[in-house]
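J.: Submitted below is the structure of interest, expressed as structure tokens.
The values are calculated or read from the model by the stated rules, or taken from the named source; none is laboratory data. Being a predicted model, the structure only gives us computed values, none of them experimental. For neighbour counting, all protein chains shown are included, and Cβ atoms are generated from backbone atoms with ideal geometry for every residue, glycine included.
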Amino acid sequence: MKQPRTMIFLLVGSMILLTSCSGGQDSSMGSEMIEQMAKSDQVQQQFSEGRKDIVMHNDEPARHILHNTIMEQKAILKDKQLKEELMSFNMELTADMQRDAERNSQMVQQGLKSRQQAIQDDEKLRTKMLKQAVAEQKMVMQHPETSKPVKQLTMDMNRALAADPTYRVQLLKQSIAMSEAIAKNPTLRSEMADAMLLQMKDPKIQNEMKKMIELAVKQAMAKMQQQMMQQMKQMQQPSAPKEPPSNQPPAQPAQPSPVTPGTEAPLPESADNTRPPDA
């Protein structure tokens, strides 16, 4: 492989020297030979193989070749027409790769991996990417063609979470926590009160509140009337005699005290038992 390639290089070098040093017909013949060699598949293949070998195995010439390649790419981007052609080519290349399921999967995985690594390793890039994501969400909500579908998607997600027993409890706990946080914030609490007062002006809510108040009043009146009837019944019943407390013994009747002989009380004097004195 190297011998034919070397011969081609020598031949091309000779043609270049012949063209530069000769004039007239010889110069024209040299140019034709170079043009024919440029159109030769074998010559172009040998040039390509030689360039690849230099890039892969010879550092200094490879650096020079690759630097020139980069400069060529920059020059293309500066030319408006060439830039459009290059961008169109890249778009076609990307679309062709996306049509291939395996290559498209590899591209997506590579993109996700690069994004995840950037978020984890680079704090500045992470902040920039998160801000960009927030900005994109705002744009989606404001764009007329995407605002409604996003809102519908949000409603569908909330409905699905509420229907799932596992997530319904978490959703309700989250709502309670948010209400408590709002109640602890004076500004937000006032705004929530304004919203609640505005809702209370709705005829349906006012009708329900009226029913609740009427029911509460009826229940209170019925309870008060029952208490009054019980008090009137107690007042109409005769009062029962008071019984002695159960912890004291009943009163006993008085008993006569025993009399000791010689201590009897004297009988009272009367007209019947008086006698005259002895003569």
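Yes/no per residue for (1) in contact with a strand residue (DSSP E or B) (Cβ under 6 Å, 6 or more places away or on another chain); (2) within 30 Å of Ala195 (Cα to Cα); (3) at pLDDT 55 or above; (4) not acidic (Asp, Glu):
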{"position": "Glu208", "(1), (2), (3), (4)": "no, yes, yes, no"}
{"position": "Met212", "(1), (2), (3), (4)": "no, yes, yes, yes"}
{"position": "Gln219", "(1), (2), (3), (4)": "no, no, yes, yes"}
{"position": "Gln237", "(1), (2), (3), (4)": "no, no, yes, yes"}
{"position": "Val259", "(1), (2), (3), (4)": "no, no, no, yes"}
{"position": "Ala265", "(1), (2), (3), (4)": "no, no, no, yes"}
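J.: Within the range 45-60, can you find the residues that are in a helix (DSSP H, G or I) and exposed (fewer than 13 other Cβ atoms within 10 Å of the Cβ)?
T.: Scanning the range 45-60 gives Gln45, Ser48, Lys52, Met56, His57, Asp59, Glu60.
J.: Let me ask something else about it. Confirm whether Phe9 is aromatic (Phe, Trp, Tyr), part of a helix (DSSP H, G or I) and either modelled with pLDDT under 85 or in the same structural domain as Ala133 (by TED's automatic domain parsing) (or both). Before the answer, list the steps.
T.: On the way: aromatic (Phe, Trp, Tyr): yes; part of a helix (DSSP H, G or I): yes; either modelled with pLDDT under 85 or in the same structural domain as Ala133 (by TED's automatic domain parsing) (or both): yes.
For Phe9, the condition - aromatic (Phe, Trp, Tyr), part of a helix (DSSP H, G or I) and either modelled with pLDDT under 85 or in the same structural domain as Ala133 (by TED's automatic domain parsing) (or both) - is met.
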